[in-house]
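See below for the structure under consideration.
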Amino acid sequence: GLAGYASSLRQRVGRLEQQLAAALLRVEDGERRVNVALRAADDSRNTLSIVAAPDVRRIDLSGQRAAPAAAARAFWSPSRGVVLVAANLPALPPGRTYQLWFVTADAKVNVGLLKPDPTGRVDAIVTNAANLPTPAAVAVTQEPEGGVPQPTGDMYLVGSAH
């Protein structure tokens, strides 16, 4: 009788361990989803903060010879950052990235790197933009992965900031 009871307990413990393992996987999945939602909420809050800033300027960018169908809109708040939304950028070859620039009379200033989704869409937020100079133009170039200090690649998007 004792052997049968022990066997029954072992089976029950085995089922409970399987249920616990499944529950832990569900908890991990739930935590991942919550983290994704929190990041999305934070991005939305940052985007809204920039777009609704009292000092925001809208800059429309149009596709150049390398990407005539591409288009973008940048929202620049000197006090809060930059939001760039672009569409129809060509897929990047391996080892390449898009880079966003503020073009002034004196320099081209790196604002950040951009990675389009498979449809060529980019939604980028740059919140550490406090030291950016006032641009005369905004441009997007294709550069080596990791970016470069000064533009070397073709211009894909350009827009006047005036």
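The values are calculated or read from the model by the stated rules, or taken from the named source; none is laboratory data. Note that this is a predicted model, so its numbers are computed, not measured. Because the Cβ atoms are built from the backbone with ideal geometry, glycine has one as well, and the counts that use them run over all protein chains shown. Accessible surface is based on the protein model in full, side chains and every heavy atom, while ligands, DNA and RNA are left aside. Shrake-Rupley method; radii C 1.70, N 1.55, O 1.52, S 1.80 Å.
In table form, for the structure just shown:
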| quantity | calculated |
| --- | --- |
| Point-charge dipole on Cβ atoms (K/R +1, D/E -1) for the chain, about Cα centre, debye to 20 | 460 debye |
| 0 to 90° range, to nearest 10: angle between helix 2-51 axis and the chain longest Cα axis | 20 degrees |
| Sparse-neighbour loop sites [trypsin sites (Lys or Arg not before Pro); segment 1-88; at most 16 other C-beta within 10 Å; DSSP] | Arg65 |
| Accessible-area order (highest first, 1.4 angstrom probe) of the listed residues Leu9, Leu20, Leu100, Leu2 | Leu2, Leu20, Leu9, Leu100 |
| List Thr104, Thr134, Thr141, ordered by accessible area with a 1.4 Å probe, largest first | Thr134, Thr104, Thr141 |
| Accessible solvent surface per residue of the chain, calculated while the other protein chains remain in place, 1.4 angstrom probe, Å² | 62 Å² |
| Solvent exposure ordering (accessible area, 1.4 Å, most first) of Tyr5, Tyr156, Tyr98 | Tyr5, Tyr156, Tyr98 |
| Estimated D of the chain in µm² per second, where Rh is the Kirkwood radius over Cα pairs and Stokes-Einstein applies at 10 °C, 1.306 mPa s | 85 µm²/s |
